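Here's the structure we're looking at; comments come further down.
The values are calculated or read from the model by the stated rules, or taken from the named source; none is laboratory data. From a predicted model like this one, the values you see are computed outputs, not experimental measurements. Cβ atoms come from the backbone with ideal geometry, glycine included; neighbour counts cover every protein chain shown.
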Amino acid sequence: MRSDEKLDAPGLKRRGKKKERLHWVARADIARDGYLPKTVRLHYDEAVPAHRRLIEAACHKLQAEMLEWASGKRNTVRPFDGTLGSLVRCYQTDEASPYRQIKWNTQRTYDQVLSVVEKAFGTRSLSALGIADFRKWYDAAKAPRAKGEPERVRKAHGIISMIRRLMAYGIAAEHAECGRLAAILDASRFKQPGRRRVRLELHHVEAFVAKALELGRLSLAIGTAVQFETLMRQRDVIGEWEPIRDGEKTGIVLNDRRWVNGLTWSDLANNLEVFKDTTKTGQTVAHDLKLIPMVVRLLDMVPTSRRVGPLIIDEEAQRPYAMHGYTREWRKVATAAGIPTGLWNMDARAGGISEADDSGADLDDIRSTAGHSQASTTVNYIRGGMGKSRKVTKGRQASRTVKNGTET
């Protein structure tokens, strides 16, 4: 008969009503201090005698790591022990890991996926993994949240992509089994999420601007117009909140984060000619806002006394929009303006690029305006491709006219 007293397994918890599952759970006070992982699923059956020793061993190991971290050795890199969970930790903490070189917001995104990987599969030994496991994990992650809802292909593909990154790091760090598993993944194909096909069009932007002005959200009107007309990314227009790493709380600070990278009124000071280093690629883009009537009209609505500091200011808070605040408030106005929920603020960039393509603009000119390093990236933003199609059709028709010696 099973009982807690018979298992020497610190941190062991049983969860689940219909089907009980075993988890190791970090002490609440240590987890609040930032310890990860907070929970680890234990894929063992307590009713199997041999599994009971494995449960105890896993709990003692995880408990010891947690207590070591809490004792002040928080920067200690825990050694690789052959499990997927330890590979995740090495990837995040090894000074030589490519993870340490990526930008903080990309790390944040990676951490979300890595947390899912570690919680779900962290105790699995790399030596015991194969293609069947990867397929099973992909299929489980892809399953709809509820009956009738769409499959979550983007989530599933993101997990597999992250495991590929882990194995690539493991090869470089000379961890056992990573080369074998990387070869398996290289030879395997998993369905990718479909590209977004929708885009904000001019009539959407005009409707949004009118409604934003009606609701007293001039900032949202300006931000959306600038995004659409200049093809700039949202964070290059409104800025972002970067974690403070130097300890100096200078500039605009909110919750230990400093506002950076957004457009300021000083960027517009040179006769509305803007030169901006983009945050993602570092490419410098140039825009003459005087040539954009919608943007000029909106900028003229800003009082002279307010034309200092960040261009886009939350009217209610009188500072740049808090993290996720711009997108949240944008959606409220978009809904009021009758813009479908399937259209997002980020689609303004794709809409502007697609409109440029439809107008027959040269692809390399569009690439430069958008701040892309490669034309292939620009092509991914073109939703519809009518511009190139028209150019090809006109060329074919002109060629036929020449061949036939007739006029059309």
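Side notes on the structure shown:
- Filtered residues of region 81-102 (kept if surrounded by fewer than 14 Cβ atoms within 10 Å (Cβ to Cβ) and under 11 Å from residue 166 (Cα atoms)): 98
- All positions within region 256-270 that are within 18 Å of residue 318 (Cβ to Cβ) and either free of Cβ contacts under 8 Å to residues at least 12 places away in the same chain or of a type in the set (Ser, Thr, Tyr) (or both): 264
- Checklist (1) in contact with a helix residue (DSSP H, G or I) (Cβ under 8 Å, 6 or more places away or on another chain); (2) among the aliphatic types (A, V, I, L, M); (3) in a strand (DSSP E or B) applied to residue 225, failing item: (3)
- Among the residues of region 340-368, the ones that are closer than 14 Å to residue 227 by Cα and in contact with a His (Cβ under 8 Å, 6 or more places away or on another chain) come to 1 in all.
- Any hit, region 184-198, residues being closer than 24 Å to residue 38 by Cα, out of contact with any strand residue (DSSP E or B) (no Cβ under 8 Å at 6 or more places or on another chain), among the aliphatic types (A, V, I, L, M) and surrounded by 15 or more Cβ atoms within 10 Å (Cβ to Cβ): no
Residue-wise test of (1) farther than 30 Å from residue 368 by Cβ; (2) aliphatic (A, V, I, L, M); (3) modelled with pLDDT of 95 or more; (4) outside the structural domain of residue 228 (by TED's automatic domain parsing).
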{"position": "255", "(1), (2), (3), (4)": "yes, no, no, no"}
{"position": "265", "(1), (2), (3), (4)": "no, no, yes, no"}
{"position": "269", "(1), (2), (3), (4)": "no, yes, no, no"}
{"position": "280", "(1), (2), (3), (4)": "no, no, no, no"}
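- Residue identified as surrounded by fewer than 19 Cβ atoms within 10 Å (Cβ to Cβ) and hydrophobic (A, V, I, L, M, F, W, C) among 398, 348: 398
- Checking each residue in region 308-323 for being within 20 Å of residue 251 (Cβ to Cβ), in a loop (DSSP other than H, G, I, E, B) and not aliphatic (A, V, I, L, M) picks out 309, 318, 320, 321.
- Any hit, region 57-79, residues being part of a helix (DSSP H, G or I), without any contact (Cβ under 8 Å) to a residue 60 or more places away in the chain, among the acidic types (Asp, Glu) and buried (at least 16 other Cβ atoms within 10 Å of the Cβ): yes
- Counting the residues of region 301-319 that are loosely packed, with under 14 Cβ neighbours inside 10 Å and at positive phi gives 1.
- Helices (runs of 4 or more DSSP H) contained in region 112-218 and holding at least 1 residues hydroxyl-bearing (Ser, Thr, Tyr): 131-142, 153-172
- Being outside the structural domain of residue 386 (by TED's automatic domain parsing) and in contact with a Leu (Cβ under 7 Å, 6 or more places away or on another chain) holds for only one residue in 152, 180, 164, 196, and it is 164.
- Unique residue being assigned to a loop (DSSP other than H, G, I, E, B) and either among the hydrophobic types (A, V, I, L, M, F, W, C) or touching a Phe, Trp or Tyr at 6+ places or on another chain (Cβ under 9 Å) (or both) when the list is 302, 295, 285: 302
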